[in-house]
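Report on one structure; see the data block that follows.
The values are calculated or read from the model by the stated rules, or taken from the named source; none is laboratory data. Because the structure is a prediction, the values reported are computed rather than measured. Here the Cβ positions follow ideal geometry from the backbone for every residue, glycine too, while neighbour counts run over all protein chains shown. With ligands, DNA and RNA removed, areas are computed over all heavy atoms of the protein, side chains included. Shrake-Rupley method; radii C 1.70, N 1.55, O 1.52, S 1.80 Å.
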Amino acid sequence: MLAFILRRLLQAVVVMVAVAFISFMLFQYVGDPVVFLLGQDATPEQVRELRASLGLDKPFFVQFGHFLVNAAQGEFGLSLRQGAKVSRLIAERFPATLELALVAALIALAIGVPMGVYAALKRGTFTSQVFMTLSLLGVSLPTFLIGILLILVFAVTLGWFPSFGRGEVVQLGWWSTGLLKAKGWHHIVLPAITLAIFQLTLIMRLVRAEMLEVLRTDYIKFARARGLSNRAIHFGHALKNTLVPVMTITGLQLGGLIAFAIITETVFQWPGMGLLFIQAVTFADIPVMAAYLCLIALIFVVINLVVDLLYFAVDPRLRVDKAAGH
């Protein structure tokens, strides 16, 4: 286990250095930050002074080394658009994005897993066919269209939910949360459902396919021959062995929810990192873009490591295989 963790950590370091290099290249090829900071009317002396103060007059790999050291400390300089520290902007926006992604993931799991189990156990029934048809719609429809339709129906026509913003939030130190207020939950419903629909349909179809595969295995036939009840077979054996691939998809999709909540946050004007990234792209705010890329890469690396460790907890066969390999 220790060797496995060390290998994963080494891989994580390599991935993060590669992503940091890509982020650093933004500073080299996406405009000159000195021009953004001083404007077109700056004198050559002002340009030279600022370039020297920012360390941009040093060799490429020296600059990259400084960038790596600062990135490891969570420092990415100043936002070219807002003039504030990028780390502070990310810290202000990250809680909103994380809460939206977690609520969407819970919705996807709470609905997708039971629907997948039902579609597998009741294959061919009318309800199962309806679930499969809805899953095709969920996979096919673009996220922005789903969001607009939900706003049109539930915000504009029925007036049940607000169409934008995060609502009332509570400050817990540097962390802000809307989940402790009724208005916060009221505001998060539509964007969370919008973000969850694709993941929900993906989980449902995965659970159904894996469940059907497991139900055809020999040990399920042996369990039936022993006289175990359908409940024990379906939920005590089949569903448990279906959870390993579901864990993989769920873990990766949580990272995807955080990384690709950009469209949902834009449609609902949700004040998260996705909206901040869109604004940064619009104004070529390179430090914010670089920080966003590094943070998303770190989130994926951490989630992958956690999912790999959960494999050992859920599936004892992996532990046996590792021991036999040594």
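Please give every one of the lysines within straight-line cross-link reach of Lys221, meaning a C-alpha to C-alpha distance under 24 Å, and leave out same-chain neighbours fewer than 8 residues apart.
In chain and number order, the partners are Lys122, Lys240.
For Kirkwood radius over Cα pairs in Å, the listed values are [x] 22.8; [y] 21.3; [z] 20.6; which was obtained by calculation from the structure presented?
Matching entry in [x] 22.8; [y] 21.3; [z] 20.6: [x].
By accessible area of protein heavy atoms, probe 1.4 Å, what ranking do Asp57, Asp308, Asp218, Asp285 get, highest first?
Sorted descending by solvent-accessible area, the residues read Asp218, Asp57, Asp308, Asp285.
Using only Cα atoms and rounding to the nearest 10 degrees, what angle (0 to 90) does helix 286-314 make with the longest principal axis of the chain?
Orientation of helix 286-314: about 30 degrees from the principal axis.
Taking only Cα atoms, what is the 0 to 90° angle, nearest 10, from helix 239-259's long axis to the longest principal axis of the chain?
20 degrees
Shape of segment 41-81 from its Cα gyration tensor (a ≥ b ≥ c, root eigenvalues): rounded if a/c is under 1.5, otherwise prolate when a/b > b/c, or oblate?
Oblate shape, in that a/c is at least 1.5 and b/c is the bigger or equal ratio.
Express the relative contact order of the chain as a whole percentage, based on alpha carbon pairs under 8 Å and six or more residues apart in sequence.
This gives 26 percent for the chain.
Between Thr133 and Val189, what FRET efficiency follows from the Cβ-Cβ distance if R0 is 22 Å, with the result rounded to 0.05?
FRET efficiency, Thr133 to Val189: 0.35.
Kindly report, to the nearest 10 Å², the accessible surface of Glu45 as traced by a 1.4 Å probe over protein heavy atoms only.
For Glu45, solvent-accessible area is about 100 Å².
To the nearest Å, what is the center-to-center distance of segment 84-132 and segment 156-208, using C-alpha atoms only?
11 Å
Stretch Lys58-Val156 to full length: gain in nm at 0.36 nm per residue minus the Cα-Cα span?
29.7 nm
Report Arg93's accessible area, 1.4 Å probe, all protein chains in place, as a number in Å² to the nearest 10.
For Arg93, solvent-accessible area is about 50 Å².
First compute the accessible area of the chain with a 1.4 Å probe, then give the percent of it belonging to carbon and sulfur atoms.
Result for the chain: 69 percent of the exposed heavy-atom area is carbon or sulfur.
Can you tell me the 0 to 90 degree angle between the C-alpha axis of helix 44-53 and the longest principal axis of the chain, rounded to 10?
Long axis of 44-53 versus the principal axis of the chain: about 50 degrees.
Take Trp175 and Leu26, extend 7 Å from each Cα along the Cα→Cβ direction, and tell me the distance between the two endpoints in nm.
The modelled label-to-label distance comes out at 2.6 nm.
For segment 237-306, rounded, prolate or oblate, judged on the Cα gyration tensor with a ≥ b ≥ c (square roots of eigenvalues), a/c < 1.5 rounded, else prolate if a/b > b/c?
Oblate.
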